Amino acid sequence: MEVPDYGNCPVCNSSMQADPSSPGALRCPVCNFVQKPKSIIAPGYTVTNSVNANQYRILSNLSSGGFGDIFICHPIGDVSLRYVLKVLKNATANNSKRFRREAEIIASIEDEDRIVKVLDFWEDGSEMFIVMEYIDGMNLKQVMSEYDVDEKTVLQVARETAVALQHIWERYSIIHRDIKPENIMLDKQWSLKILDFGLSKQCVEDGGSDITMANSSLGTPGYMSPEQFTDSRNVDFRSDIFSLGATMFYLLTGKSPSGGDSLDQIYNDTLTNAPPPASKLEGKCSTGCINLIQWMMQKNPDDRMGSYMELLDEIDQLLYSMPD
């Protein structure tokens, strides 16, 4: 008789088997990891944190990717509140570690209002859930499609983002590693929030724990720094500065700094042509802003700003010189 293929254990990679003591569950015969049957996550259903008994009813789908599904929900007992529920979709060992680390890193940042807040987190077998504050607004890519964004607005957005990134770097040694228009939101009051810390890393003196393999790339092509393409494990805050410069370029031109369509083209363009030629920004902003973006996007991180304070001083000088 043919033995059913239940896939491999996310912990030790051994073949999973049906668990006779729990219908629908799977058990690893080597490390004893138990994978419970997946619950149904869809609008109208309720999910429960079995540790603190918090319950959340799913209202609608927000987005879906290879890493997780995101929903809008409300806590049981208060239908007026709106939260975001992020559910791990592909529970590989690395994805589970990244998901857990995202929750832990955001939860550790208690004193920066420009960072989205984690409200709840739990694990249920192979399933993982993060509940975060809901931002009623638009990300920067959506803003670009709705409004004419001028240089002053771009500089103000860059300043707010840089202040938040400076805080998490200088106080917590955290780098985001995926700064891009889709991960920066403006709410209805035009207050800024940075989202999606799924690729973030906390750097400490011993190097910190990192899931990324040495000499591997990690991030979003078109916004990644050159060093992220070659070794995402060994980057620092200057990589986020590069990505913020690329985001400013997008807000001014409507395009990614790299004109390539394929990953190979983007890779070659980033490593060869960073920073983007000034001609791509001429007519879109002042010479001072062009120089700022080119400085932020220097190919060698040693040629970028040596601190966020240096970046903020440059932005403030440009804003100060602008008419009210």
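Assorted remarks:
- Candidate set: region 123-147, residues that are assigned to a loop (DSSP other than H, G, I, E, B) and either touching a helix residue (DSSP H, G or I) at 6+ places or on another chain (Cβ under 7 Å) or not polar (S, T, N, Q) (or both); chosen: the one farthest from Phe249 (Cα to Cα): Gly125
- Of the criteria (1) out of contact with any Leu (no Cβ under 9 Å at 6 or more places or on another chain); (2) crowded, with 18+ Cβ neighbours inside 10 Å; (3) of a type in the set (Ser, Thr, Tyr), which one Thr92 fails: (2)
Okay, residues lined up against (1) farther than 23 Å from Ile194 by Cβ; (2) of a type in the set (Phe, Trp, Tyr); (3) touching a residue at least 40 places away in the same chain (Cβ under 8 Å):
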site: Lys86; (1), (2), (3): no, no, yes
site: Asn95; (1), (2), (3): no, no, no
site: Phe121; (1), (2), (3): no, yes, no
site: Met128; (1), (2), (3): no, no, yes
site: Glu133; (1), (2), (3): no, no, yes
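- Of all residues in region 95-111, exactly one satisfies the criterion of being over 21 Å from Gly7 (Cβ atoms), over 14 Å from the mean Cα position of the chain (by Cα) and surrounded by 18 or more Cβ atoms within 10 Å (Cβ to Cβ), namely Ile109.
- Options Ser243, Ser262, Ser286: the member that is more than 24 Å from His167 (Cβ to Cβ) and modelled with pLDDT of 95 or more: Ser286
- Residue in region 76-90 that is out of contact with any strand residue (DSSP E or B) (no Cβ under 9 Å at 6 or more places or on another chain) and not basic (Lys, Arg) present: yes
- Residue within region 291-305 that is within 27 Å of Asp148 (Cα to Cα) and part of a loop (DSSP other than H, G, I, E, B) present: yes
- Options Arg233, Arg238: the member that is out of contact with any helix residue (DSSP H, G or I) (no Cβ under 6 Å at 6 or more places or on another chain), outside any loop (DSSP other than H, G, I, E, B) and not aliphatic (A, V, I, L, M): Arg233
- Any hit, region 241-252, residues being out of contact with any His (no Cβ under 8 Å at 6 or more places or on another chain), part of a loop (DSSP other than H, G, I, E, B) and touching a residue at least 24 places away in the same chain (Cβ under 8 Å): no
- Residues that are of a type in the set (S, T, N, Q) and either under 15 Å from Ala158 (Cα atoms) or not assigned by TED's automatic domain parsing to the domain that holds Phe242 (or both), drawn from region 279-303: Asn291, Gln294
- Test: residue in region 246-253 that is of a type outside the set (A, V, I, L, M) and over 25 Å from Leu199 (Cα atoms): yes
- The lone exception for Lys201 - which of (1) modelled with pLDDT under 95; (2) surrounded by fewer than 22 Cβ atoms within 10 Å (Cβ to Cβ) it fails: (2)
The values are calculated or read from the model by the stated rules, or taken from the named source; none is laboratory data. All values derive from a computational prediction rather than experimental measurement. All Cβ positions, even for glycine, are placed from backbone atoms using ideal geometry, and neighbour counts span all protein chains on display.
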